[in-house]
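The values are calculated or read from the model by the stated rules, or taken from the named source; none is laboratory data. Just so we're clear, the structure is a prediction, and the values are computed from it rather than from any experiment. Glycine also receives a Cβ, built like all others from the backbone with ideal geometry; neighbour counts cover every protein chain displayed. Ligands, DNA and RNA are excluded from the accessible area calculation, which covers all protein heavy atoms including side chains. Shrake-Rupley method; radii C 1.70, N 1.55, O 1.52, S 1.80 Å.
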Amino acid sequence: QVQLVESGGGLVQAGGSLRLSCSASGDIFSLNVMGWFRQAPGKQRELVATIISGGSTNYADSVKGRFTISRGNAKNPVYLQMNSLKPEDTAVYYCYAYVRYRDYWGQGTQVTVSS
């Protein structure tokens with residue numbers, strides 16, 4: 001079992017930056033695949049970025065060059081640095097982990113980008 005809690009969301013003007021953090025508890029030593037997803041109102045949840053234990057990363061085309069996913073320590077295993085934010089980045093952002101053949105999600109943190 002893994003519990004994930006996001007923090008760092010908020011309201012920011014277009015062009016601004018935010019850094020999202022994800023804290024983890026439970027089976028934290030098996031967090032080999034982690035990532036961030038987002039869901040805007042009326043839309044499906046979509047991949048933002050993933051990172052595996054070896055450090056390889058993957059990004060949605062819409063955020064490449066603006067967002068950076070990185071690994072932290074066991075208790076705070078993943079971050080998302082978001083720069084040059086756009087109004088279309090407005091969404092609830094979810095921390096994600098794939099552990100022992102199961103998907104885990106946090107409760108989400110709201111990111112709102114004003115124009």
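Annotations
- Note on the stretch 18-51: residues that are within 18 Å of A91 (Cβ to Cβ), within 14 Å of the chain's Cα centre (by Cα) and not hydrophobic (A, V, I, L, M, F, W, C) amount to 8.
- Single residue of I69, I28 found to be farther than 23 Å from S115 by Cα and at pLDDT below 95: I28
- Residues satisfying the stated conditions in the stretch 86-115, i.e. under 15 Å from D27 (Cα atoms), more than 11 Å from the chain's Cα centre (by Cα) and surrounded by fewer than 17 Cβ atoms within 10 Å (Cβ to Cβ): R100, Y101, R102, D103
- Residue count for the stretch 50-84 under the criterion of being free of Cβ contacts under 8 Å to residues at least 24 places away in the same chain and open to solvent by 60 Å² or more (accessible area, probe 1.4 Å): the result is 11.
- Those residues of the stretch 25-49 which are open to solvent by less than 50 Å² (accessible area, probe 1.4 Å) and of a type in the set (A, V, I, L, M), in sequence order: I28, L31, V33, M34, A40, V48, A49
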